[in-house]
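**Q** Right, I'll just put the structure down here and ask away after.
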Amino acid sequence: SSGINAEYGGVVEYASRPSTPGSFSWKEFKSNYSSFFSYSDEPGGASKWPYVQGRVSITAKAKALSESVPDVDHDQNAITRRNEIMKYGYPSLDNVKMFNDHILAYSNVHKGPLWVCEHLTDYNINLNQSVNRSQSKFTHDDSVSPLFRCYNSDFLGSGFDRGHLAAAANHRHSQLAMNDTFYLSNICPQTGKGLNRSKWNELEKRARALARKHGSAHVLTGPLYLPTVIGNEKFVKYKLIGDNNVAVPTHFFKVIVAKTKKGGFMLESYVMPNEEIRDDIPISSYLVPKNAIEKGAGFMIFDYIADSQYCLINGHPNPDFIDIK
C-alpha cells in the first residue's frame, strides 16, 4: 500500500457518508445509491448479478480521442509502454500525465488524481534487489501548476495517510518507476488504520495475485465523491485538508481486468469507503458493478472491452459471454 510516516498519524476525521465501517456490501451500495445510479439486473431476479445491457463499448470518436494524446517521450520504448498501459482506452483526456510505468489524469479541483492506470506483469511486480523503497520520497509534482498543486505540508496533522493509487509495490522492478509512485499527483488522503494499512493493501495484493495468475492485468484506480442523503436532500460532502484544500474522497475504487488463458476477460471491480474497515470483513464484500463505478466517477472504464467479452464478472460467469477466439 502507500508509504506511511508516523508524523502523519492522528485521529481520522470522517466526512458524513451513509456506509458503516466494514459493511459496504453490494446490497448496501444498491440501497444507498439506487437514486443516483442507473443499472439493469439480469432477468430472473434482483438478487442476480447486474449487467449493463446494450452498451457500445468502442466508438470511432473515443478511439480517435485516445490516440490524440501527445507523446511526451519520443523514445519508442516509452511510446510502446504507454500503449500497453492504456490498451483498453483512456477514461478521460484532460490533464493526462505519463510516468515510466503508470499513467494518470489529475484533478485541478480536488488536488489529486482523477484516475490512475497500470499494466501489471511479472516483470514490474517482482522485486529487483537493487530497488529500495526507503530511497523513494513523497514529493510534489512540478508538472502541476502551483495553483492546483498539493504539498506534503497539506497532509501534516490531517489524520490521513498519503495513499498511493498506483501502489509502490506494483513497480518494484525499477527505482525510477517506484519513485514515480511517490509524486503527490498519485496520492490521495486515505484513512490509515483499517484501510490504507489493511484492506486497501489487501486489495492491492489481490491485483498482483491476479496479474501473476493470468500473466498480466490492467488496473484502474481512483477516488470517488459519492452523494449522501441528509433529511430529504442529497449532498456531495467531503472534507478538505491543508492550506491548498486537498479533497478527501468519500470512497475509492479499483477495477481489475485480465485476459484469461481459456479466452475472454475476467473482471473484478471494488469500491471501499474511506474509513476504517474491520479486519473480519472480506474484500469480496466490496465488489460492485463496474457501471455503478462509471456512473459515480463520470467516465467509462476499460471501454475497449465489450461487455460480451467478459467471461467472469466479480467471480460470476457472464451468461452473455461470447467467445470470439
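The values are calculated or read from the model by the stated rules, or taken from the named source; none is laboratory data. Note that the coordinates shown come from a computational prediction; the quantities given were computed from them, not determined experimentally. Cβ coordinates were reconstructed from backbone atoms using ideal geometry, including for glycine residues, and neighbour counts include every protein chain displayed. Just the protein is used for accessible areas: all its heavy atoms, side chains included, with ligands, DNA and RNA removed. Shrake-Rupley method; radii C 1.70, N 1.55, O 1.52, S 1.80 Å.
**Q** Could you go through segment 267-276 and let me know if any residue there is at pLDDT 95 or above, among the hydroxyl-bearing types (Ser, Thr, Tyr) and not in a loop (DSSP other than H, G, I, E, B).
**A** yes
**Q** Could you please find all residues in segment 288-303 being open to solvent by 20 Å² or more (accessible area, probe 1.4 Å) and in contact with a helix residue (DSSP H, G or I) (Cβ under 8 Å, 6 or more places away or on another chain)?
**A** Listed by number, the residues that qualify are GLY296, MET300, ASP303.
**Q** Between a residue in segment 270-291 that is over 26 Å from TYR310 (Cα atoms) and any residue that is surrounded by fewer than 17 Cβ atoms within 10 Å (Cβ to Cβ) and of a type outside the set (D, E, K, R), which pairs come within a Cβ distance under 6 Å, given they are 6 or more apart or on different chains?
**A** Matching pairs, first to second residue: GLU275/TYR14; GLU275/PRO21; GLU276/PRO21; ILE277/PRO21.
**Q** May I ask you to list the residues in segment 73-126 that are at pLDDT below 95, part of a loop (DSSP other than H, G, I, E, B) and surrounded by 14 or more Cβ atoms within 10 Å (Cβ to Cβ)?
**A** Across segment 73-126, the qualifying residue is only ASN100.
**Q** Before we move on, is SER285 surrounded by fewer than 21 Cβ atoms within 10 Å (Cβ to Cβ), over 23 Å from GLY194 (Cβ atoms) and of a type in the set (S, T, N, Q)?
**A** no
**Q** Which of the residues that make up segment 304-325 are open to solvent by 80 Å² or more (accessible area, probe 1.4 Å) and not in a loop (DSSP other than H, G, I, E, B)?
**A** Within segment 304-325, HIS316, PRO317 qualify.
**Q** Would you mention how many residues in segment 101-155 are free of Cβ contacts under 8 Å to residues at least 24 places away in the same chain and over 21 Å from the mean Cα position of the chain (by Cα)?
**A** 4
**Q** Would you kindly identify the strands (runs of 3 or more DSSP E) lying entirely within segment 181-254 that contain at least 1 residues that are crowded, with 17+ Cβ neighbours inside 10 Å?
**A** Passing ranges, in order: 187-190, 216-224, 227-230.
**Q** Within segment 127-136, track down each residue that is assigned to a loop (DSSP other than H, G, I, E, B) and either open to solvent by 60 Å² or more (accessible area, probe 1.4 Å) or touching a Lys or Arg at 6+ places or on another chain (Cβ under 8 Å) (or both).
**A** Across segment 127-136, the qualifying residues are LEU127, ASN128, GLN129, SER130, VAL131, ASN132.
**Q** Another question about this same structure. Say whether the condition of being over 23 Å from THR191 (Cα atoms), modelled with pLDDT of 95 or more and among the polar types (S, T, N, Q) is met by at least one residue in segment 225-246.
**A** No, segment 225-246 contains no residue that is over 23 Å from THR191 (Cα atoms), modelled with pLDDT of 95 or more and among the polar types (S, T, N, Q).
**Q** Of everything in segment 137-160 that's under 11 Å from ASN244 (Cβ atoms) and of a type in the set (Phe, Trp, Tyr), which residue is least open to solvent (accessible area, probe 1.4 Å)?
**A** PHE155
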